[in-house]
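*Asks:* Okay, handing you the structure first.
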Amino acid sequence: LDEACRRAEAILEQIAENPGLPGTWEPLRIHLSVVQVLEAAGDDRAPGVLAGAYDLLMDRCERITDPGDRAMFLDTIPWHREIIERAAG
C-alpha cells in the first residue's frame, strides 16, 4: 500500500496539471485506480478525485452525439460503470 500511495501521489500531481492525462490510453481507469488506492489508505482526498473522474467522464460523454454510442461508452467499459456507481453513492 505504501508503494501504491507513492505512485498515486505522482499521478495526482499529473491530474492536477491536466485531468485528461494526455498521452495515456485510459485516463479514467487511472483516475479510478488512484481513487481505489486513496480509499484503501483512508485518504480523505478520494471523494474529490472520484468527483473529478466523474466530471471528466461526463464531459467526454457529452461529446458523443449518438445515443447508442454514448450508452456503449458508459455501459460497456467497466471502469466507466464503476465511476458512475461510486459517484452515485
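The values are calculated or read from the model by the stated rules, or taken from the named source; none is laboratory data. It should be emphasised that the depicted structure is a prediction, and the values quoted were computed from it without experimental measurement. Methodologically, a virtual Cβ is constructed for each residue, glycine included, from the backbone with ideal geometry; neighbour enumeration extends over all protein chains shown. Accessible surface areas use protein heavy atoms only, side chains included; no ligands, DNA or RNA. Shrake-Rupley method; radii C 1.70, N 1.55, O 1.52, S 1.80 Å.
*Asks:* For region 9-48, enumerate the residues that are open to solvent by less than 20 Å² (accessible area, probe 1.4 Å), in contact with a helix residue (DSSP H, G or I) (Cβ under 6 Å, 6 or more places away or on another chain) and in a helix (DSSP H, G or I).
*Replies:* Passing the criteria: 28, 31, 32, 34, 35, 38, 46.
*Asks:* Report yes if some residue within region 66-79 is surrounded by 14 or more Cβ atoms within 10 Å (Cβ to Cβ) and either closer than 20 Å to residue 14 by Cα or among the hydroxyl-bearing types (Ser, Thr, Tyr) (or both); otherwise report no.
*Replies:* Among the residues of region 66-79, at least one is surrounded by 14 or more Cβ atoms within 10 Å (Cβ to Cβ) and either closer than 20 Å to residue 14 by Cα or among the hydroxyl-bearing types (Ser, Thr, Tyr) (or both), which makes the answer yes.
*Asks:* While we're on this one: Pairs under 7 Å by beta carbon, first residue touching a residue at least 24 places away in the same chain (Cβ under 8 Å) and among the β-branched types (Val, Ile, Thr) in region 78-89, partner assigned to a helix (DSSP H, G or I) and open to solvent by 70 Å² or more (accessible area, probe 1.4 Å), six or more apart or different chains?
*Replies:* 83/54
*Asks:* Could you say whether any residue in region 55-62 is more than 17 Å from residue 81 (Cβ to Cβ) and open to solvent by 90 Å² or more (accessible area, probe 1.4 Å)?
*Replies:* Yes, there is a match, as at least one residue in region 55-62 is more than 17 Å from residue 81 (Cβ to Cβ) and open to solvent by 90 Å² or more (accessible area, probe 1.4 Å).
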